[in-house]
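Each remark here refers to the structure printed beneath this line.
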Ligand SMILES: Cc1cc2nc3c(=O)[nH]c(=O)nc-3n(C[C@H](O)[C@H](O)[C@H](O)COP(=O)(O)OP(=O)(O)OC[C@H]3O[C@@H](n4cnc5c(N)ncnc54)[C@H](O)[C@@H]3O)c2cc1C
């Protein structure tokens, strides 16, 4: 496991867990770093935050490179950025961001898959019930989609000056 490093610019570290949570709540997608042996792989996924379980849910296709990598190594690190804009003339960017690490597993139980999908709809959509009505009419939907769960183990936040 990577040894936890203290942040160099301690004055920029977000220490209020509620503010860190806000970045995660407001974010729509996360960029995840995966690795297999000495090869890195990176990708971006939309997510739904389940605050109570301290986890993120994702939906994906049934096949693909990320699933192959995760099968071998489920440990990931990810970042969510609240982009507050480039500061012209300063060669600088305003932001708040979080970096988290954790472990990804496949959601296998149908009840948890339903919960995972609704968590995503609630997180991402203004009218989650309308989407439920459109896409989740029958349980057969869940055989065509893969759901993943990222259990968050560590999270840090940082903001620009
Ligand atoms: C904002 C955003 C939200 C997204 N939300 C989701 C989501 O909710 N669920 C989901 O499954 N996917 C989502 N994607 C797409 C996702 O990033 C991947 O492209 C997709 O999941 C396929 O990944 P894979 O590893 O199975 O790739 P594969 O289809 O197996 O392809 C692997 C190959 O394609 C390349 N590749 C894969 N993805 C990309 C990419 N995005 N750009 C350039 N090259 C790529 C890889 O480098 C590799 O060479 C989202 C992308 C963005 C930008």
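Since every read-out is calculated from the coordinates, none of them should be taken as a lab result. All values reported here derive from a predicted model rather than from experimental measurement. Here Cβ is always computed from backbone atoms with ideal geometry, including for glycine, and neighbour counts include all displayed protein chains.
Per residue of the chain, the DSSP helices (runs of n ≥ 4 H) give a summed -39500 (n - 2.57) that works out to -7500 deg cm²/dmol at 222 nm. Counting beta carbons within 10 Å around each of 135, 121, 58 and listing the fewest first gives the order 135, 121, 58.
Over all pairs of different C-alpha atoms in the chain, the reciprocal of the mean inverse distance, the Kirkwood hydrodynamic radius, equals 17.1 Å. By the count of other C-beta atoms within 10 Å, a proxy for reagent exposure, 94, 137 are ordered fewest to most as 137, 94. For a paramagnetic label modelled on residue 72 (point 7 Å from Cα along Cα→Cβ), amide N atoms under 12 Å away belong, within region 17-53, to 35-41. Extension gain for residue 26 to residue 53 (0.36 nm times residue separation, less C-alpha to C-alpha distance): 8.0 nm.
Using a simple spin-label model with pseudo-atoms 7 Å out from Cα toward Cβ, residue 125 and residue 42 lie 3.1 nm apart.
Mind checking the angle between helix 110-124 and the chain's longest principal axis? C-alpha axes, 0 to 90 degrees, to the nearest 10. Result, in degrees: 50. The ranking of 95, 86, 57, 5 from fewest to most other beta carbons within 10 Å of each one's beta carbon is 5, 86, 95, 57. For region 113-161, the Kirkwood radius over C-alpha pairs fed into Stokes-Einstein at 4 °C and 1.567 mPa s yields D = 99 µm² per second. Gain on full extension, evaluated as 0.36 nm per residue between residue 133 and residue 91 minus their Cα-Cα distance, stands at 10.4 nm.
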